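To start, the structure itself, in structure tokens.
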Amino acid sequence: MTKAIICRVALAIPLHKQFDYLLPKYLSADFLGSEQQLVGCRVRVPFGGKRQMVGIICEVNPELDYDIAKLKKITQLIDHSALLSEKLWSLLNWASFYYQHPFGDVYQQAIPTALRQGKEATFKGSEHWQVSEQSLNIDDFKRAKKQHQALTLLGEQCLSSSSLKEQGITRVTLKALQDKGVLETIDKQPQVNLNWVDDFEESTEKPNLTSEQALAITAVNQQNQTFNCFLLEGITGSGKTEVYLNIIKPVLQMGRQVLIIVPEIGLTPQTIQRFQQRFNVPIYLKHSALNSREQLDSWCHAKQGSAAIIIGTRSAIFSDFKDLGLIILDEEHDASFKQQDGFRYHARDFAIKRAHLEQIPILLGSATPAFETLHNALQGKYQHLHLTERAGNAKPPSSSLINLAGLPLQSGLSPQLVELMGKHLEKNNQVILFLNRRGYAPVLMCHECGWLVKCGRCDAFYTYHKSANYLHCHHCASTLPIPHQCNDCGSTQLISTGVGTEQLEESLNQLFPEYPTVRIDRDNTRKKESFNQYLTDINNGKYKILLGTQMLAKGHHFPDVTLVALIDVDGALFCNDYRASERLAQLYTQVSGRAGRAEKRGQVILQTHHPEHDLLQELVNSGYQDFSRHALTERQMAQLPPYSFQALLRCESDNATLAESFLGLCKQVIEQITQLNKIERRLFVLGPIPASMERRAGKYRFQLLLQADHRALISKTLHQALPTLDKLPEGRKVRWSIDVDPIDFV
Ligand SMILES: Nc1ncnc2c1ncn2[C@@H]1O[C@H](COP(=O)(O)OP(=O)(O)OP(=O)(O)O)[C@@H](O)[C@H]1O
Ligand SMILES: [Zn+2]
């Protein structure tokens, strides 16, 4: 009798636990004697009630202390060998440990949706027809002209439905022949180009490198066969992309693949075009706007080696490659690299770990490196490369502040700024106004008693959207019709206070009717095409005033923009999050970086009520480089990251007491462990305290912060604590999660 194979399967559920199943005999026959081959294969298994789930085999024939008669059976064995490469498999295991997230869910998030659902890891095939009857005599079909023609064509080769259609053969004809048992269909995989390296060519249209670019490129290219982490700190417009292109080239020439990670693909179609124009190799994209079939195809191209370059957002870091030779992470400071729910990984950290395991170079590029990265570079852990000058003839913009105190403002615009805008526009230049607040106004208020319209589910006010004619909470997405009366005093005089992009747009149309304004924010660029159309129109000079939120700050290159103004950033100056100043400095530098990127000199204006503020003074007078070095010493004095390491336990519930007391229990468990390990003086547990937005979408939210002088202390402690925390019955009444290396404390 054949021995049963028992498989331990990880499922995408929020439990740190795996489940055992029996591989039925009819599925196990091929694997007897080579059971280990099953590890890494996907299976379909029954789970709870009638549900079927796709899981992944992590262990075969584990030691058991129970009766196997109770085990359920695997329904389907989807793969016959491990789906992912060994390296990627071990990276995912590392990530599961480091981020304290169940392996089943880590794994599922790392693969495209179609594979999560159990689809085969193959390209989209296409229907082909071929002759099935060997002893066929075509002459028998002479009287049916079309059938005869079809068989003549197919007698020599197998053809796709579409090419048959082009030659006048319809489905009806083919079906008729199929019914007669003469023809059959097969699903044929498309031909893929695995030999792109043989016809590798580089476009001759490229600039002469600046000496700084050349230095950076040489530094990387000299060591491109082994692991090295490089930080390319290059001011805005310094030509970082040109450096990327030049370090990619030798890697492609070796026939190896390149992975480029960017914050948001939709926002920078220009950058992608530059890669496509430079090299004649197959480039595939990987981002969430692709449908699940396209995602799977690009995944397969990477895995089989028919993609030379993959350009993708955060999750592209999990692509499996045939032969990965280089990773580039552009705008490495960008917060979108950190996933903010579920599996809270950081794509940059995962990428570095990956490059290390694959023994390949990784380059992080930014004008405003994250403090973590900068710290590592300054310490010599990463090789630090610099581009301190703008490429071509462009010069860095000049910066100055406008003190708003006492000035009459029109939708937030000072008279000085309006005058300056006029001057730039007269010269046929473009102007960018940056305001990170969409909607018409951030609050609606009673003019008589000061009552403010607050979201009933969040500690936040409703934003007034005038054209859509409703109130909208930007935190829980709930909406409300505009109230006619004050809830407190009954007055009908409700007025909006503060300025959002929608209102500013209205004013700009009045102030500068002859200069068309375009507003770029999430409200009016929901469709991908509309955003691309705006970008084209901006580059064609159709719009002269570009008004927008963060979306306008990211990596765009508009040669005619000479003035950039930040309308209101004061809110970020007095925020209690220790990362707020870093973020503001990055934003300021990135937004300003859109000015004067070509021949014409740029100017940057920052409007504020606090011109004396140290941060603003430093940014305007010395820039990000000086600010960041200085701010790092402050972090060191306060023993904050990157000079310490953190993890955050978050908990939320309809009931504030439940949420808070659960974290209280967690604290006890963790402190017992630190005492046992004698590290209580090196790992602090702070809290529980309410999150800075205590109530969101109807839930009360609390946090417990772990801080230590060493990364490993946190991961080991959490790893030891988790089995106990998982079993706390109080944990079932709340929602809780662990965020390792948190960057957001809201
Ligand atoms: N050596 C060079 N000579 C002339 N022009 C160059 C050179 N290198 C790059 N450029 C041009 O300079 C412009 C800015 O380059 P790029 O977009 O790569 O800057 P960047 O460093 O990525 O800026 P940002 O961080 O602001 O996105 C581009 O139009 C690019 O074609
Ligand atoms: Zn809300």
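Some points to look at:
- 1 or more residues more than 30 Å from residue 402 (Cβ to Cβ) and of a type in the set (A, V, I, L, M): qualifying strands (runs of 3 or more DSSP E) within region 584-698: 645-653, 683-696
- Any hit, region 567-590, residues being farther than 23 Å from residue 686 by Cα, free of Cβ contacts under 8 Å to residues at least 24 places away in the same chain and either open to solvent by less than 50 Å² (accessible area, probe 1.4 Å) or within 16 Å of ligand 1 (Cβ to nearest atom) (or both): yes
- Remark: pairs (first residue in region 214-233, modelled with pLDDT under 95; second residue open to solvent by less than 20 Å² (accessible area, probe 1.4 Å); Cβ separation under 6 Å; 6+ apart in sequence or on different chains) = 224/361.
- Qualifying residue in region 441-459 (condition: within 30 Å of residue 544 (Cα to Cα), within 16 Å of ligand 2 (Cβ to nearest atom), open to solvent by less than 70 Å² (accessible area, probe 1.4 Å) and not in a loop (DSSP other than H, G, I, E, B)): yes
- Qualifying residue in region 134-151 (condition: of a type in the set (D, E, K, R) and part of a loop (DSSP other than H, G, I, E, B)): yes
- In region 623-660, the residues that are over 15 Å from residue 584 (Cβ atoms) and among the small types (Gly, Ala, Ser): 638, 644, 647, 653, 656, 659
- The listed residues are 305, 325, 312, and the only one of them that is more than 18 Å from residue 101 (Cα to Cα), modelled with pLDDT under 95 and not charged (D, E, K, R) turns out to be 312.
- Considered as a group, the residues in region 131-153 that are at pLDDT 85 or above and loosely packed, with under 14 Cβ neighbours inside 10 Å include one that is farthest from residue 170 (Cα to Cα), and that residue is 152.
- Top-ranked residue of region 242-267 - restricted to ones that are at pLDDT 95 or above, within 16 Å of ligand 1 (Cβ to nearest atom) and in a helix (DSSP H, G or I), ranked as nearest to residue 334 (Cα to Cα): 244
- The set of residues from region 620-632 being of a type in the set (S, T, N, Q) and under 12 Å from residue 374 (Cβ atoms) comprises 625, 628.
- When the residues of region 1-46 are filtered to those that are of a type in the set (D, E, K, R) and touching a strand residue (DSSP E or B) at 6+ places or on another chain (Cβ under 8 Å), the one that is nearest to residue 110 (Cα to Cα) is 42.
- Total residues in region 193-225, condition surrounded by 11 or more Cβ atoms within 10 Å (Cβ to Cβ), away from ligand 1 (no atom under 16 Å from the Cβ) and not small (Gly, Ala, Ser): 10
- Apart from one condition, residue 672 fits all of (1) at pLDDT 95 or above; (2) surrounded by fewer than 17 Cβ atoms within 10 Å (Cβ to Cβ); (3) within 16 Å of ligand 2 (Cβ to nearest atom); the exception is (3).
The values are calculated or read from the model by the stated rules, or taken from the named source; none is laboratory data. Computed from a predicted model, the values in this text were never measured in an experiment. Note that we place each Cβ from the backbone using ideal geometry, even for glycine, and neighbour counts take in every protein chain shown. Areas reflect the complete protein model, heavy atoms only, side chains present, ligands, DNA and RNA absent. Shrake-Rupley method; radii C 1.70, N 1.55, O 1.52, S 1.80 Å.
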